[in-house]
Amino acid sequence: MSLLVVGSVALDTIDTPLGHAEDALGGSAVYVAVAGSYFASPVRMVGVVGGDFPAEGIEFLRGRSIDLEGLEIIRDGKTFRWGGRYHTDLNVRDTLYTQLNVFENFDPKIPPSYRHSEYVCLGNIDPVLQQKVLQQVEAPKLVVCDTMNFWIERKYKELLRTLRLTHVLIVNDEEARAIARESNLIKAARDILNMGPRAVVVKKGEHGALLVTKTIVFYTPAYPLQEVYDPTGAGDAFAGGFVGYLAKTDARSDENLKRAVVYGSVLASFCVEEFSIGGLKALTEGQVTKRVNEFRDLSHFDGS
Ligand code: AMP
């Protein structure tokens, strides 16, 4: 099934305790689309870049069979740039700068050839723009939405409107609590279910992910990696693996949502093993399947 991805396309400069990357390919749409491209077909991307966006970036995305008709290139503008520095505790990150550049006036236009996309993943852009995207897509089977504190604080009412059009919300624990205005995570997720989505996925970084629907609470740990090079984009790679798997299997039962959470966790684990999208460049089906099986073993035990 087809997957439409909308979000930021960026050049990231990243410092972690294990290294440095300069003007590396990044942005939420890139991570989601690349991770999703291992499962969904076709993957269609909507975003905006400047004339300075490297040709190798375009080539790489095309090489992953990502349709770039919806990638607007503003020749006399500059690409969105983000700089971040991670502490020894990789859960702590300082944003060094955010240069919105052409992303400041991002106005997502969905090409006619994208309008029948069956699966849609909305990156953490302004909720007004998320609604605008959905107005341009005809009856998608599944809408997955991400957001961030910036929008929760500034555009809460608009975000609630987007949530009414969303099937699955993917957020981190802090964002889930802020949306529901409830400190208990399970209660917060259940409150969000009353706002529109039929499923909420709460990402907890190295502590795994929680899936809550009206009928189930499912938890998966994160893959136990000994070395994390760059956590940037892990959440987006998770979202790409999650929605990509759902698009591939075209089933939205609770059981399939659980499997999708595991596939999301697997893609996130590959993502953080290298800088930028390096860890997602050339995965094989065998590598992905091996890690999915390792996930099964992680929390399987003989209860007798
Ligand atoms: P994550 O690690 O999941 O928070 O995602 C990091 C990615 O988000 C980086 O590749 C950044 O380029 C991108 N990013 C950072 N700040 C923003 C923002 N304000 N809006 C959209 N994308 C952003």
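Coordinate-derived values only; no laboratory data. Everything quoted here is computed from the prediction, not taken from an experiment. Backbone-built Cβ (ideal geometry, glycine too); neighbour counts: all protein chains shown.
Per-structure values
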item: Where Rh is the Kirkwood radius over Cα pairs, Rg/Rh for the range 2-73; result: 0.99
item: FRET efficiency, Asn91 to Glu273 (Cβ-Cβ, R0 22 Å, nearest 0.05); result: 0.85
item: Rg and Dmax [Cα atoms of the range 106-163; Å; Rg one decimal, Dmax integer]; result: 11.4, 35
item: Distance (nanometres) between label positions extended 7 Å along Cα→Cβ at Arg252 and Glu158; result: 2.5
item: The chain - percent relative contact order, Cα under 8 Å, separation 6 or more; result: 17
item: Reference-scaled alpha-carbon Rg (2.2 N^0.38 Å with N residues) for the range 67-178; result: 1.19
item: Label-point separation, Phe150 to Lys290 (7 Å along Cα→Cβ), nm; result: 3.8
item: Under 22 Å from Lys281, Cα to Cα: lysines that are on another chain or at least 8 residues apart; result: Lys248, Lys290
item: Length-normalised contact order of the range 202-251 in % [C-alpha pairs under 8 Å, at least 6 apart]; result: 24
item: Neighbour-count ranking [beta-carbon atoms within 10 angstrom, fewest first] of Phe301, Phe150, Phe270; result: Phe301, Phe150, Phe270
item: The range 138-249: C-alpha pair distances exceeding 23 Å, %; result: 26
item: Spacing of the two label points (7 Å from each Cα toward its C-beta) at Glu59 and Glu206, in nm; result: 3.7
item: Ratio of Rg to Rh over the range 144-191 (Cα coordinates, Kirkwood Rh, two decimals); result: 0.92
item: Computed helical MRE - 222 nm, the chain, DSSP H runs ≥ 4 contributing -39500 (n - 2.57), nearest 500; result: -10500 deg cm²/dmol
item: Exposure proxy ranking, count of Cβ atoms within 10 Å, fewest first, for Arg75, Arg252, Arg115; result: Arg75, Arg115, Arg252
item: Cα-based Rg of the range 1-121 normalised by 2.2 N^0.38 Å, two decimals; result: 1.09
item: Cα-centre dipole for the chain with unit charges at Cβ (Lys and Arg positive, Asp and Glu negative), debye to 20; result: 1160
item: Cα radius of gyration and Dmax for the chain (Å); result: 17.9, 67
item: DSSP-defined antiparallel bridges as percent of all bridges, the chain, nearest 5; result: 40
item: For the range 171-304, projected area of the alpha-carbon convex hull averaged over all directions, nm²; result: 9.1
item: P(r) of the range 230-292 over all Cα-Cα pairs, binned every 5 Å from zero, in whole percent; result: 4, 21, 28, 26, 14, 6, 2
